[in-house]
Amino acid sequence: MLYTLPFISAFIGWFTNWIAIKMLFHPRLEKNILGFKIQGIFPKRQAQFAEKLGQLVSKELISFDEIASKINSPQTLEKLVPTIELHVNQFIDVKLKEEIPLLSMFITGNTMDSIKKGIVKEFENMFPTLVGNMTNNIQQDVNIEKIVSEKVQAFSSDKLEEILMAIMSKEFKFVEIIGAVLGFLIGLLQVLITLIDK
C-alpha cells in the first residue's frame, strides 16, 4: 500500500490541475453551490478580457501610421503605376474620345502621350497626400478598440473556450503533466520519509 502512494499522489496532482484548467471555462453560467457563487474565470471576466484585448490591439498591434507608411512606400506605388497607366490610357483613348470626338482631330499622338504621362506623374505626386488623408479619415471613423472589444464580448463561451484551447492546449497539457510529476515526487518523498522513520 505504501508504494502506491506516489502513484496516488501523481493522480491527485494531475486531477487537481485538470480541474483547475476546466474551471477556467466552466461552469459557463454562475451557479450557487453550497452557498458559494461559482463561475468559470473566462466566462465571468469575458467583458474585461474583451476590453483589455481591444486596448492591446488598438494601441500595440494596429498602427494607422504604420499602415500609411507601408501603403506610401515606393514599392507599393511601383506596383500601382501599371494599373494607373492602363486606366489613364483607357480613359483618354476611349472615354474621352467618346465624350469629345473633336479632341482626336486636334491633339496628335505625341501630345496625347505627354498628357497621359503628365496625369500619371500627377497621380504619383498626390498619392502620399491621398493615402494620408484616407488613413486619417479611417482612423477617425474606425474605432479598432471598440470593434475588437464588441467582437470578443459577442463570442459564445464555447467559442471563447475553443479559441483559447487552440492557442494554449499544449500549455494546459503541460500544466496537467507537471501536476502529475510533482504529485509523484511528493508521494515518493512521503514514502522515503516513512521508510526512514521506521
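Bear in mind these aren't lab numbers, they're just calculated from the coordinates by the rules spelled out. Keep in mind the model is a prediction, meaning the values are calculated, not measured. FYI the Cβ positions are ideal-geometry reconstructions off the backbone, even for glycines, and counts take in every protein chain you see.
How many percent of Cα pairs in the range 1-82 exceed 21 Å?
64
SER169 to GLU30: extension gain in nm, 0.36 nm per residue of separation minus the Cα-Cα distance? Walk me through the numbers before you get to the answer.
Numbers: separation 139, 0.36 × 139 = 50.04 nm, distance 2.45 nm.
Taking SER169 through GLU30 to full extension adds about 47.6 nm, to one decimal.
If you find the alpha carbon centre of the range 2-70 and of the range 110-131, how far apart are they in angstrom?
Using only Cα atoms to place each centre, the spacing works out to 55 Å.
How charged is the neighbourhood of ASN89? Take every other residue with its Cβ under 10 Å from the Cβ of ASN89, and add Lys/Arg as +1 and Asp/Glu as -1. Spell out each step's value before the answer.
Details: positive: LYS116; negative: GLU85, ASP93, ASP113.
Computed value for this residue: -2.
Cut-off 10 angstrom, C-alpha nodes, Gaussian network model of the chain. Which of SER63, SER157, SER73 fluctuates the most?
Its mean-square fluctuation being the largest, the pick is SER73.
Most fluctuating residue of VAL175, VAL94, VAL152 in a GNM of the chain with Cα springs under 10 Å: which is it?
VAL94
Mean residue ellipticity at 222 nm from the helices of the chain, using -39,500 (n - 2.57) per DSSP H segment of n ≥ 4 over the full residue count, to the nearest 500 deg cm²/dmol? Before the final figure, lay out each step's value.
Values: 9 runs with 147 residues, N = 198.
Using -39500 (n - 2.57) per qualifying helix, the result is -24500 deg cm²/dmol.
Express the Stokes-Einstein translational diffusion coefficient of the range 59-183 in µm² s⁻¹, to the nearest whole number, given a Kirkwood radius over alpha-carbon pairs, 4 °C and a viscosity of 1.567 mPa s.
Values: Rh = 20.1 Å.
My calculation gives 64 µm²/s for D.
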